[in-house]
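Below is one structure; the comments refer to it alone.
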Amino acid sequence: MSLESEINHFLLREAQLLDDWQLDEWLTLYADEAIYWLPMDENGDPRVTPSIIHEPKALLEVRVEQLMRQNRHAQSPRSEMMRMITNMMVTEDGPDHAKARYNQLLVELRPGDWRQHGLGEKRLFGGRCDVRLKRHGDSWLIVHKKIKLIDRNQPVEALSFIL
């Protein structure tokens, strides 16, 4: 299998795990030193420039724990999600390392009715993703993921799930 096919398959699997709320398994795709970043200014230093999210894997683990095993009103009922990934370009980044760039569109729908604000409304989250990966055995691990939402300079309401 070519490098591009391997990475494409790996990242499609990541999207499927998120859509299916298999978040514990999703976490296993990330290296211990991984960073997950949704910047407001993709050229800024996230240590001094505000970000929508800038989390190491340890905080992703906390987020998954809250979503999966704690009763969070913001995800009750849980959102239905569907990710579409397109325009993927993969490049080698030295031995056992790779980079991928792709576009992602996430459609989110929280089931519900007129009595609960925001429920029953579809929301779209479009973004450009940059991912750095390292080989781990016969698979890959994500070392850094940056999702540049196309509307990142607009208010992001109720982001109570993982993009």
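Computed quantities for the displayed model
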item: Selection count where residues are closer than 22 Å to residue 123 by Cβ, surrounded by 12 or more Cβ atoms within 10 Å (Cβ to Cβ) and out of contact with any strand residue (DSSP E or B) (no Cβ under 8 Å at 6 or more places or on another chain), scope the range 36-75; result: 7
item: One residue from 65, 6, 55, 25 being under 13 Å from the mean Cα position of the chain (by Cα) and either not in a strand (DSSP E or B) or not hydrophobic (A, V, I, L, M, F, W, C) (or both); result: 55
item: Where a residue in the range 76-89 is closer than 22 Å to residue 3 by Cα and its partner, wherever it lies, is assigned to a strand (DSSP E or B) and open to solvent by 70 Å² or more (accessible area, probe 1.4 Å), with Cβ under 7 Å and at least six apart; result: 89/101
item: The range 91-118 - residue that is hydrophobic (A, V, I, L, M, F, W, C) and modelled with pLDDT under 95 and, of those, most open to solvent (accessible area, probe 1.4 Å); result: 114
item: Residue in the range 22-35 that is surrounded by fewer than 16 Cβ atoms within 10 Å (Cβ to Cβ) and touching a strand residue (DSSP E or B) at 6+ places or on another chain (Cβ under 6 Å) present; result: no
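The values are calculated or read from the model by the stated rules, or taken from the named source; none is laboratory data. Note that this is a predicted model, so its numbers are computed, not measured. We place every Cβ from the backbone using ideal geometry, glycine too, and count neighbours over all the protein chains shown. Note: accessible area is taken over every heavy atom of the protein model, side chains too, but ligands, DNA and RNA are not part of it. Shrake-Rupley method; radii C 1.70, N 1.55, O 1.52, S 1.80 Å.
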